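Notes for the one structure printed next.
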Amino acid sequence: MKQTTFVLLAVFACLALSAPSAPGWRFDLKAERSGIVALESIVVSPTLVVFFDRASNDPLQINNHSAWGALWNLRTSTARPLDVLTNSFCASGALLSNGSMASVGGDPDGFPGNPGIRPGQQAIRIFEPCASANGDGCTLFEDPVNLHLFEKRWYPSSIRIFDGSLLIVGGMHEDTPFVNTDPALSFEFFPPKDSAPRPSEFLKRSLPANLFPRIFALPDGKVFMVANNQSIIYDIEANTERILPDIPNGVRVTNPIDGSAILLPLSPPDFIPEVLVCGGTQTDIFDPAQLSSQTPATSQCSRIRLDEEGITRGWEVEHMLEGRTMPELVHLPNGQVLIANGGRTGFAAIRHVQDPIGNSNADHPVLTPSLYTPGAPLGRRISNAGMPSSEVPRMYHSSITLTPQGNFLVGGSNPNANTTVGPGIRFPSEFRIETLDPPFMFVDRPKILRTPQKLAFNTRVAVPISVPPALASAGAKVQVSLVDLGFSSHAFHSGARLVFMDAQISTDRKTLTFTTPPNGRVYPPGPATVFLTIDDVTSEGAWVMMGSGNSPPTLE
C-alpha cells in the first residue's frame, strides 16, 4: 500500500510540474525592423500605424533617399516608406473629426542626404482615412505654401477638442540649447479659429522647461495643461486661464525634464476628470553644464481630480517602484494604465549635460513596465508583479501605443543627433520593434462581431458578440470602453482618452448593448476604438467613427 501511495504521489508531482502555467505578459520582438526610428507613432486605421522620424540617413528608402515617415502594418509586422516633404522631427499630431490624421510642427533643419526637405516648424501634414488594410495608395498630403501654421512650432503639443478640430500649444521657433530660449508662447487651432495665435501667460510663466506641454481635453470642453511644474485650466470659448496648484515637491515634468501624464478613464454618469502625472526630476537648475546623466529621476506620481472639490484638495502624491525620466503612460482597455520606457537618471535631449553617456543625457534604462490601477487604495496602485523585462532600452525618442488588437506597439529610441549605429554605442538609433502582449492575448477572447461604422452621441447601441464559455458566468464583470489611441511623442501620449460606457450583455450572451457618450465634449467627435472586456479579458477593438464624421469644426 505504501509503495502504491509513493507511486501516486510521484505521478501527481510530475503532473503538477508539467501543467501549463497561466498566460502572462510577454514582450514579442518582431523580425522586421521599422526602417526609421519610430520616435512618433499614431494608429490611423485598424491595421496601420504612422511612424515619423527626423530627416536623416535611416535605412528605409523612398524616391532615392532615406525615408523619415513609415506605415507599420499591425497584421504583418512590416514597414513601408511614407513620403514626407517637411521635417517632422519632434512634431505632434492627432486625428480630426473626419478621420484624417494631422501632424503639426517640426524641425527647422535640413539634411544633406535629403536636399529637397522643407523646414517643419509651420508644417501641417495630412494623412486622410486609408481604406486599404495594407496602406496601398495611402499617402501624406502637404502644401507648405498654402497649408501651414500661423507660428513656427518645434516641440509643440496638440489634441482634438470638442468640435473635432486641433488645439496646438507652445513649442519653440528655432533650435535652442537644451531649454526653451526661443519660445512660441501661444495657442492656435487647425482649422484656424482666429486671425492670429492666442498669447498665453501660462506658457510664459512656465519657461524655460515647457516643451511638449501635457494637455487634456476635459469633459466640459475646457483644457487642462501642465508645463514645467505648473498647471492651468484653459477655457477655449472664453479665452481665459485659471491657475491651478503646482506639481508638488518641486518636480518638473516637461521637456527637457520629462515626466509623463494621462487623463484617467472617464466614467458615467458624471465623467469627473482626473489627471495622473508621473516621473520627471526635482531640480531648480536649468544650465545643462551643471546637470548630470546620473541625476536621479523622481519616482513621484501626482494625481488631481478636476472638479471644484478636487482642485481645492490639490494634488495627491504616490510613488512608482523606481524613479523614471521620459516614461510614457498609456491606457489599457480595462481602465488600468501602463507605465513604460525611460531611464532612472538624467534628462531628455541630446549631449548637453556634463557627462553624457555617448550622446545621451540619460542613463540606466528601466526595462520592466508597471501597471497603475486607478481604483486601488493609495499606496497600492502601482505594481510590476508578473511583468516581463524588455531587452531593448527605450530612452529619448521612443514611442509606445495601444493598438486595436489590444496589445502595445513599442518602438524607437535615439538619443543621438542623427542615425547612429555600430558596436560599442550604449544607446544607438533603435530600429527594433516589439509588442507588449497582455495575458488575454493568449486565451479565448470575447469578440465584437459587427458595429455600425458611425455611432451617434447619446444613443443606445446593440451589437452582436460572441463570448467564450469561460467568460459566460452571470456575475462576470463587463466593461465597454471607447478609446482614442492617441499620438505618442517625447514621453507623452497626447489625445489619449478612455471613456467607459454603460453596457449590458444579453442573457444568451449574443448581444452587447451600450450607451454612447452624451456629447462631443465628453468624447471629441472623431475616430474611436470600442473594446469589450469581461473579467479583464479584452476583445480586439472595433474601429468606429464617433459622431457624424464631418470635417471640423463640428459641434455634436
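The values are calculated or read from the model by the stated rules, or taken from the named source; none is laboratory data. This structure is a prediction, so every number in the text was calculated from the model and none was measured. Glycine also receives a Cβ, built like all others from the backbone with ideal geometry; neighbour counts cover every protein chain displayed. Only protein heavy atoms, including side chains, enter the accessible area calculation; ligands, DNA and RNA are left aside. Shrake-Rupley method; radii C 1.70, N 1.55, O 1.52, S 1.80 Å.
Here are some notes:
- Across the range 194-218, the qualifying residues are those that are without any contact (Cβ under 8 Å) to a residue 40 or more places away in the chain, surrounded by fewer than 18 Cβ atoms within 10 Å (Cβ to Cβ) and not acidic (Asp, Glu), and the one among them that is farthest from residue 326 (Cα to Cα) is 195.
- Sole exception among (1) touching a residue at least 12 places away in the same chain (Cβ under 8 Å); (2) surrounded by fewer than 23 Cβ atoms within 10 Å (Cβ to Cβ) for residue 176, by number: (1)
- Flag for residue 74 being on the phi < 0 side of the Ramachandran plot, modelled with pLDDT of 95 or more and out of contact with any helix residue (DSSP H, G or I) (no Cβ under 9 Å at 6 or more places or on another chain): yes
- Test: residue in the range 360-374 that is touching a Pro at 6+ places or on another chain (Cβ under 6 Å) and either among the polar types (S, T, N, Q) or crowded, with 19+ Cβ neighbours inside 10 Å (or both): yes
- Some residue of the range 388-398 being in a loop (DSSP other than H, G, I, E, B), in contact with a Ser or Thr (Cβ under 8 Å, 6 or more places away or on another chain) and free of Cβ contacts under 8 Å to residues at least 24 places away in the same chain: no
- From the list 418, 414, the one residue that fits, being modelled with pLDDT under 95, of a type in the set (S, T, N, Q) and either touching a helix residue (DSSP H, G or I) at 6+ places or on another chain (Cβ under 6 Å) or assigned to a loop (DSSP other than H, G, I, E, B) (or both), is 418.
- When we screen 343, 386, 310, 323 for residues that are open to solvent by less than 20 Å² (accessible area, probe 1.4 Å) and over 22 Å from the mean Cα position of the chain (by Cα), the only hit is 310.
- Considering (1) β-branched (Val, Ile, Thr); (2) under 21 Å from residue 106 (Cβ atoms); (3) modelled with pLDDT of 95 or more, the lone condition that residue 226 does not fulfil carries the number (2).
- Matching residues, the range 413-425, being touching a Ser or Thr at 6+ places or on another chain (Cβ under 7 Å), open to solvent by 40 Å² or more (accessible area, probe 1.4 Å) and touching a residue at least 12 places away in the same chain (Cβ under 8 Å): 418
- Test: residue in the range 42-51 that is at pLDDT 95 or above and among the small types (Gly, Ala, Ser): yes
- Considering residues of the range 441-478 that are open to solvent by 50 Å² or more (accessible area, probe 1.4 Å) and in a helix (DSSP H, G or I) only, the residue nearest to residue 500 (Cα to Cα): 441
- When restricted to residues that are more than 30 Å from residue 54 (Cβ to Cβ), among the small types (Gly, Ala, Ser) and open to solvent by less than 10 Å² (accessible area, probe 1.4 Å), the range 489-535 contains 2.
- Odd one out for residue 114, checked against (1) closer than 26 Å to residue 56 by Cβ; (2) surrounded by 17 or more Cβ atoms within 10 Å (Cβ to Cβ); (3) at pLDDT 95 or above: (3)
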